[in-house]
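To start, the structure under review is shown below, and the notes come after it.
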Amino acid sequence: MAQILKESIRASILASASAEFARDGYQSASMRSIARGAGISPGLIYTYYESKEALLDAVLAPVLFDWEAVLAEGDSAHPQANSLSQAELDCLCRLIEHPLASVTLMEGCAGTKYAHAKESLTAAIEAHLLRHSRRDALFVHIVASGFVDGVIQIIRHNQGREWAVDMLRQLSDMYFQGIG
């Protein structure tokens, strides 16, 4: 008879892996330490996730977006680059709702297929802004980089959804009101 996988064990593994990846980064995280944090034996992890990479995929799943598509949707719904569209705000809020996964994605994935996620997000925002601005490309890059760093700080210092949404709107206003 096949072993019945328990959602509580899966959730415990994901919580432990999220904390471990955010704290130590993917490369330094160990399956043994993740198992210890989940209160299970290391071998049991492999019943739920075939590899450390599969576990990382599961941890990051809630915060993986096609940012170019999100920004394009925002363009069609709200053609000005001087504020966040609802689609953009929704995705940024998902990042905030999953802080450990977001920090891992942006800063802890060296050596993985996600290693350049922060740079990819910055590049997508940069391309989006360049479509709406006649500013110098380097200036737009600086603005996009600062915005992404600001989002990461909001994630790290989150004080609740309402606070985070207000901070995202303030950050957006500060960075993008004059870029167009």
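Scanning the stretch 106-149 for residues that are assigned to a loop (DSSP other than H, G, I, E, B) and either open to solvent by 70 Å² or more (accessible area, probe 1.4 Å) or among the aromatic types (Phe, Trp, Tyr) (or both) turns up Lys113, Tyr114, His116, Arg134, Arg135, Asp136. Residues of the stretch 150-178 that are open to solvent by less than 80 Å² (accessible area, probe 1.4 Å), closer than 16 Å to Ser85 by Cα and more than 19 Å from the chain's Cα centre (by Cα): Asp173, Tyr175, Phe176.
Listed here are the residues, each with its yes/no results for (1) open to solvent by less than 40 Å² (accessible area, probe 1.4 Å); (2) over 20 Å from Pro99 (Cα atoms); (3) of a type outside the set (A, V, I, L, M, F, W, C).
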{"residue": "Ser18", "(1), (2), (3)": "yes, no, yes"}
{"residue": "Phe21", "(1), (2), (3)": "yes, no, no"}
{"residue": "Gly25", "(1), (2), (3)": "yes, no, yes"}
{"residue": "Ala35", "(1), (2), (3)": "yes, yes, no"}
{"residue": "Ala38", "(1), (2), (3)": "yes, no, no"}
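A residue that is open to solvent by 50 Å² or more (accessible area, probe 1.4 Å), modelled with pLDDT of 95 or more and in contact with a Phe, Trp or Tyr (Cβ under 8 Å, 6 or more places away or on another chain) can be found somewhere in the stretch 80-100. A single member of His132, His116, His128, His141 is under 25 Å from Ser18 (Cα atoms) and of a type outside the set (A, V, I, L, M), and it is His116.
Scanning the stretch 1-40 for residues that are modelled with pLDDT of 95 or more and not in a helix (DSSP H, G or I) yields Ala29, Ser30, Gly39, Ile40.
The values are calculated or read from the model by the stated rules, or taken from the named source; none is laboratory data. This structure is a prediction, so every number in the text was calculated from the model and none was measured. In this analysis, Cβ positions are derived from the backbone assuming ideal geometry, glycine residues included, and neighbour counts consider all displayed protein chains. Protein only, heavy atoms only, side chains kept; ligands, DNA and RNA dropped before computing areas. Shrake-Rupley method; radii C 1.70, N 1.55, O 1.52, S 1.80 Å.
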